Amino acid sequence: MEFELQTITEKTIREKTVNLKEALELYDLGKSKPFLLMAYASEVRDYFKGKNISLCSIVNAKSGLCPENCKFCAQSAHYVTRAEVYPLMTKENILERAKEAKESGVGMFSIVTSGTRIEGEDEWKEIEEAIVGMVALGIKPCASIGMLDSERAKRLKDVGLFRYHHNLETARSNFDNICSTHDYDDDIETVKNAKNAGLSVCSGGIIGLGETMEQRIEMAYTLKELDVDSVPINILNPIDGTPMSSAEPLSPLEILITIALYRFILPDKDIKLCGGKEKNLRQLLPFAIEAGCNSLMTGNYLTTLGRNAAKDIEMIIDLGYTVDMKNQIKP
């Protein structure tokens, strides 16, 4: 088994990928020897990304009343949850949160809004001015503000946006089980528009939505084809009031195997562990880095609590890694 893993690892480093057959073989190997798989995934991460772990955080800048019916989402207007509802924050409030993030050691900060897309010019102006302000603060700006056409993507690039985030959420073959208010290709188009505008792109999804491991692998290859720069892996945190409130949790080892497989399939991309990591990985949270992650979302999430950056930085250092500060820029 170790010989097989070593052989596939060497091929991954040489060719920057594994094929589908090899990915499924890695999954089979990982089920019986998960920590061995993780060790080799860590080798791949070290080769392409070194020992630096980057941190990002977000602000829920506009919350609730989303017209989409994604079955996992607390902010969907289709479900009754305890999620807060409020309009877009002012740029001053967004920048205050960005400043706090930078001071805590975070290198990238994202403005996140509910809804299919930003419609009003007043909201666009507030967001664009917040992006300009984040650049002046010295933190790399990211935005996750829904569907994006090519013109808006270029506009964001022109005002200084570094990265655009837009998740596919799950594999194409599972998407209709999760959302029926827009098409999978709408999300693909937004990712392509952001890429074509010269923005760095962050796109991934949520695991634990009833998908199989084969479907997670399917999504990984879609992301590879799109050539995204950063792949966030969220783990479902079931919310009361949503159709997925009673979903069975994934085991920590299954989550770690998934991370390792993503590292092999997307060896030179940032693999970012995001929402649900604390609740679902519990005492095995540090092993996510050993499984191949090179990035963490820290702080609170959209509608659930995370943990502060100090604890994540402590974990990174305790594991023998360093916090990557390259995303912070000179104001």
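The values are calculated or read from the model by the stated rules, or taken from the named source; none is laboratory data. Here the structure is a predicted model, which is why all the values come from computation and not from measurement. We place every Cβ from the backbone using ideal geometry, glycine too, and count neighbours over all the protein chains shown.
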Q: Restricting attention to the stretch 117-144, report how many residues are among the basic types (Lys, Arg) and assigned to a helix (DSSP H, G or I).
A: 1
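Residues checked against (1) within 23 Å of SER200 (Cα to Cα); (2) out of contact with any Pro (no Cβ under 9 Å at 6 or more places or on another chain):
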| position | (1), (2) |
| --- | --- |
| PHE3 | no, yes |
| LYS16 | yes, no |
| ILE53 | yes, yes |
| VAL59 | yes, yes |
| MET89 | no, yes |
| GLU96 | no, yes |
| LYS99 | yes, yes |
| LYS102 | yes, yes |
Q: Would you mind finding the one in LEU95, LEU65, LEU5 that is at pLDDT 95 or above, out of contact with any Cys (no Cβ under 7 Å at 6 or more places or on another chain) and either under 20 Å from LEU302 (Cα atoms) or not small (Gly, Ala, Ser) (or both)?
A: LEU95
Q. ARG282: closer than 19 Å to VAL18 by Cα and in a helix (DSSP H, G or I), yes or no?
A. no
Q. Is it true that some residue in the stretch 178-191 is of a type in the set (Ser, Thr, Tyr), crowded, with 16+ Cβ neighbours inside 10 Å and closer than 20 Å to THR304 by Cα?
A. no
**Q.** Selected residue (criterion: farthest from ALA61 (Cα to Cα)) from residues of the stretch 111-137 that are exposed (fewer than 15 other Cβ atoms within 10 Å of the Cβ) and of a type in the set (Gly, Ala, Ser)
**A.** ALA136
Q: Take SER114 and decide whether it is of a type outside the set (D, E, K, R), closer than 15 Å to LEU55 by Cα and in contact (Cβ under 8 Å) with a residue 24 or more places away in the chain.
A: no
**Q.** Scan of the stretch 7-49 for residues that are of a type in the set (Val, Ile, Thr), touching a helix residue (DSSP H, G or I) at 6+ places or on another chain (Cβ under 8 Å) and part of a helix (DSSP H, G or I), ordered by number
**A.** ILE8, THR9, THR12, ILE13, VAL44
Q) Can you tell me how many residues in the stretch 8-22 are within 12 Å of TYR221 (Cα to Cα) and in contact (Cβ under 8 Å) with a residue 60 or more places away in the chain? A) 3
Q: Filter the helices (runs of 4 or more DSSP H) completely within the stretch 173-274 down to those with at least 3 residues that are under 26 Å from LEU5 (Cα atoms) and either under 16 Å from the mean Cα position of the chain (by Cα) or touching a residue at least 12 places away in the same chain (Cβ under 8 Å) (or both).
A: 213-226, 252-265
Q: Can you confirm whether the stretch 138-151 contains a residue that is closer than 30 Å to TYR221 by Cβ and among the polar types (S, T, N, Q)?
A: yes
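Residue-by-condition table, conditions (1) on the phi > 0 side of the Ramachandran plot; (2) modelled with pLDDT of 95 or more; (3) surrounded by 20 or more Cβ atoms within 10 Å (Cβ to Cβ); (4) not hydrophobic (A, V, I, L, M, F, W, C):
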{"position": "ASP227", "(1), (2), (3), (4)": "yes, yes, no, yes"}
{"position": "ILE233", "(1), (2), (3), (4)": "no, yes, yes, no"}
{"position": "LEU236", "(1), (2), (3), (4)": "no, yes, yes, no"}
{"position": "THR242", "(1), (2), (3), (4)": "no, yes, yes, yes"}
{"position": "LEU250", "(1), (2), (3), (4)": "no, yes, no, no"}
{"position": "LEU253", "(1), (2), (3), (4)": "no, yes, no, no"}
{"position": "THR258", "(1), (2), (3), (4)": "no, yes, yes, yes"}
{"position": "PRO267", "(1), (2), (3), (4)": "no, yes, yes, yes"}
{"position": "LEU273", "(1), (2), (3), (4)": "no, yes, yes, no"}
Q) Which residues, taken from the stretch 26-39, are free of Cβ contacts under 8 Å to residues at least 40 places away in the same chain and of a type in the set (Ser, Thr, Tyr)? A) SER32
Q) Being part of a loop (DSSP other than H, G, I, E, B), at pLDDT 95 or above and surrounded by fewer than 23 Cβ atoms within 10 Å (Cβ to Cβ), is that true of even one residue in the stretch 148-161? A) yes
Q: Determine which member of the set GLU68, GLU10 is in contact with a strand residue (DSSP E or B) (Cβ under 7 Å, 6 or more places away or on another chain), acidic (Asp, Glu) and surrounded by fewer than 20 Cβ atoms within 10 Å (Cβ to Cβ).
A: GLU68
Q) Looking at (1) within 29 Å of ALA171 (Cβ to Cβ); (2) at pLDDT 95 or above; (3) not in a strand (DSSP E or B), can you tell me which one SER110 breaks? A) (3)
Q | Per-region count, the stretch 290-313, residues at pLDDT 95 or above and in contact with a helix residue (DSSP H, G or I) (Cβ under 7 Å, 6 or more places away or on another chain) | A | 6
